[in-house]
1. Where the accessible area of the range B:82-219 is counted over protein heavy atoms with a 1.4 Å probe, how much of it, in %, is carbon and sulfur?
2. Give me the accessible area per residue for chain B, probe 1.4 Å, as a whole number in Å².
3. Which value, in Å to one decimal place, does the Kirkwood hydrodynamic radius take for the range B:16-77 when every pair of different Cα atoms is included?
4. Report the paramagnetic label zone for residue B:36: residues of the range B:62-79 whose backbone N is under 16 Å from a point 7 Å from Cα along the Cα-to-Cβ axis.
5. Positive end of the dipole of the protein assembly as shown, charges at C-beta (+1 Lys, Arg; -1 Asp, Glu), about the Cα centre: which of B:128, B:104, A:16 has its Cα farthest in that direction?
6. Buried accessible area between B and A (1.4 Å probe, both chains summed, ligands and nucleic acids excluded), in Å² to the nearest 100?
7. Taking the label point 7 Å from Cα in the Cβ direction, how far apart in nm is residue B:82 from each other copy of itself, listed shortest first?
8. With each label point set 7 Å from Cα along the Cα-Cβ vector, what nm distance links residue A:72 and residue B:170?
Protein chains: 2
Amino acid sequence: MSATSAAEPVEPAGRADAVADRIRATILAGDFVPGQRLVEAELSDAFGASRGAVRAALLQLDHEGLVERVANRGARVRAVSVEEAVAITEVRMVVEGLCAAKAAENVTDADITELRDIGRRMQEAVRAGEIVVYSQLNTMLHDRVRELAGQPVATEVLSRLLARNVRHQFRLALRPGRPQVSLPEHLAIIDEICSRSPEGAERAARRHVASVIEALRDAT
Amino acid sequence: MSATSAAEPVEPAGRADAVADRIRATILAGDFVPGQRLVEAELSDAFGASRGAVRAALLQLDHEGLVERVANRGARVRAVSVEEAVAITEVRMVVEGLCAAKAAENVTDADITELRDIGRRMQEAVRAGEIVVYSQLNTMLHDRVRELAGQPVATEVLSRLLARNVRHQFRLALRPGRPQVSLPEHLAIIDEICSRSPEGAERAARRHVASVIEALRDAT
DNA sequence: GAGAACAAAATGGTTAACAATCAAGGTGCG
DNA sequence: CGCACCTTGATTGTTAACCATTTTGTTCTC
């Protein structure tokens, strides 16, 4: 039935983490659709793990925001409405702004050349129409900024927010014309960080994520 | 040995939630000190619950940020360093800023009279030196702002950040002279929200939390 | 004294059962 | 005919006993 390709004979997957990984992958692959019920017994059967492990996995995924658990009524794949995606991204906006500001404070000369290099490659990717490469550079840039910020709490919050939003984020990246909008915004963030201007970097980061919000709203 | 007062004969506490509540209370009461190991078997014994329940409770508390779980090494009460408290509060700063801004957008006339009333009572409390009352009004104000923001995601993030920081927050509130510093900041937030100025409200909220950060740093 | 083998403790995971809860569907009564 | 009530089935929540794995501390040897 479900997502398990017939060939692979249910690899070890002994641990709850592994089960969580597989459920997560199945959700992200779209094989579990939003709203779908996730019955412990079925998952336990499908993934060859005990109910306890499945339960732990569901707790973890609930904590990550990918599934929703109601008392005594089980877990279902969380359906993130556009409205909620906007709310998530609003929070993301201010936290990424913080990270950008702190990155501008901490950035070293070596980091600057690296960031500029990422920017150059982004330009090339957009010019060449290579969306996938651009998307990879995108996440690379955001990751690097977070790293430079040296703000573990912000990083943790962001990772959770992103996990909850992957689907919307994904659809957005594929929108035609989207790279042309976001590229200059990314370059602006890089510029401000490299000029070591915390305020400017925060503004640029917020402007960027604000444009993401707008695009989300238009998406419907 | 540990913190369990000898008298109480281990009341039911059947559910995992109940166990989590009791562990949380024990931590917040200071009877489990930061860094202390939380051994499943001991807790299970002390609270009269099964190991499974204790496990679930520890997972939940880990998710709340009160305990820290390392793979195969168990759970310990999370020790929040001043440095980490600062990081937490930095994130709090920008998210509370967002909430204040959105609150300024959504505020109704009725809300305005309510906010101003809270402000008036805060002034009275400070003048009368009633720290506890002021502290209650403080959380009431913050809660109300979050409510007005209509931003469930921000609320969720904030509640988790606060839970992780209770101890520092608590010590801070008792610092002599602290209310005199924070009162005008709170009043400024109220003013800006009531004038329906999102930018002003965000600035005021950030200024306030920034001053909390400074106080945290001084605390040592 | 340093390092390796070993033993104890604790977590992670499994199974099988049972209790509690919710959603439905059927029954009986007005 | 409609509505309240009860029964039933499915699923979650919890427990207990048990084993595997990992970590840690100790002891033994060189």
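1. Details: 3330 of 6230 Å².
Carbon-and-sulfur percentage of accessible area, whole number: 54.
2. Working: 10970 Å² over 220 residues.
Accessible surface, normalised per residue, equals 50 Å².
3. Numbers: mean 1/r = 0.0896 Å⁻¹.
Over the range B:16-77, the inverse of the mean reciprocal pair distance is 11.2 Å.
4. B:66-68, B:75-79
5. Final value for the positive-end residue is A:16.
6. Values: alone 11850 and 11830 Å², together 21920 Å².
Heavy-atom accessible area buried at this interface is about 1800 Å².
7. From this label point to the equivalent ones elsewhere in the assembly: 4.9 nm.
8. 3.4 nm
The values are calculated or read from the model by the stated rules, or taken from the named source; none is laboratory data. Note that the structure is a prediction, hence the values are computed from the model and not measured. With ideal geometry, Cβ positions are generated from the backbone for all residues, glycine too; neighbour counts draw on all protein chains shown. The area values use the complete protein model at the heavy-atom level, side chains included, leaving out ligands, DNA and RNA. Shrake-Rupley method; radii C 1.70, N 1.55, O 1.52, S 1.80 Å.
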